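S.K.: Have a look at this one before I ask anything.
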Amino acid sequence: MPTRTARTAWNGTLQEGAGQVELTSSGVGTYDVSFPKRAAENADGTTSPEELIAAAHSTCYAMQLSALIGQAGGTPQSLDVTADVTLGPDPAGGFRITGIALTVRGEVEGLDATGFEKAAQAAKESCPVSKALTGTTITLDAALD
C-alpha cells in the first residue's frame, strides 16, 4: 500500500511564527499555517492540523460508508459528510483534540433508514482514519435525505 506525504516548513516561535504545509504526494497545493489563527475562531485564510484531520476523516468515512452500503445490498447515490474537529485545552497541559463530530446525509437506493444507520455506525468504527483517532471521542449523526 502507498505512503502519502505532507511537509511543513515553519519559521519562528509558536506565537509569532508561521509556516506552510505542502501536500507533497498530490502536489495540489501549499497552505499557510499559524498557531494564533489555529487557536482563533476565524481561520482568516489559513489551515490547521484540525482542518486537515477533518478533511482526512470526512473523506475516509465517505469511502468506507460507500463500501459498506454496497456490502449491505444498497447503492449510494450521494453522501454528504462533514467532520467537525474541535481543539481545546488538555487538562494535562497544552491542547488536544477534544472531539470529532461526523455528520452524514445520504441518498441511498436499496436500504431503509435502519440499514443506513447500521452501515453508518459500522463505517465510523472501521474507516482507517477513525481507527487512527481512537483516543478521541467521535460522534455520528447519520440520516437519509
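S.K.: Is there any pair with a first residue in segment 22-33 that is in contact (Cβ under 8 Å) with a residue 12 or more places away in the chain and a second that is of a type in the set (A, V, I, L, M, F, W, C) and loosely packed, with under 14 Cβ neighbours inside 10 Å whose Cβ atoms are under 7 Å apart and which are 6 or more apart or on different chains, and what are they?
M.R.: GLU22/ALA6; LEU23/ALA6; THR24/ALA6
S.K.: Could you tell me whether segment 103-113 includes any residue that is hydrophobic (A, V, I, L, M, F, W, C), in a helix (DSSP H, G or I) and closer than 23 Å to LEU23 by Cα?
M.R.: no
S.K.: What's the total number of residues in segment 54-86 that are surrounded by fewer than 16 Cβ atoms within 10 Å (Cβ to Cβ), closer than 19 Å to THR136 by Cβ and either in contact with a Phe, Trp or Tyr (Cβ under 9 Å, 6 or more places away or on another chain) or not polar (S, T, N, Q) (or both)?
M.R.: Here the count works out to 2.
We did not get these values from a lab; they are worked out from the coordinates using the rules stated. Just so it is clear, the structure is predicted and the values come from calculations on it, not from any experiment. Note that each Cβ is placed from the backbone with ideal geometry, even for glycine, and that neighbours are counted across all protein chains shown.
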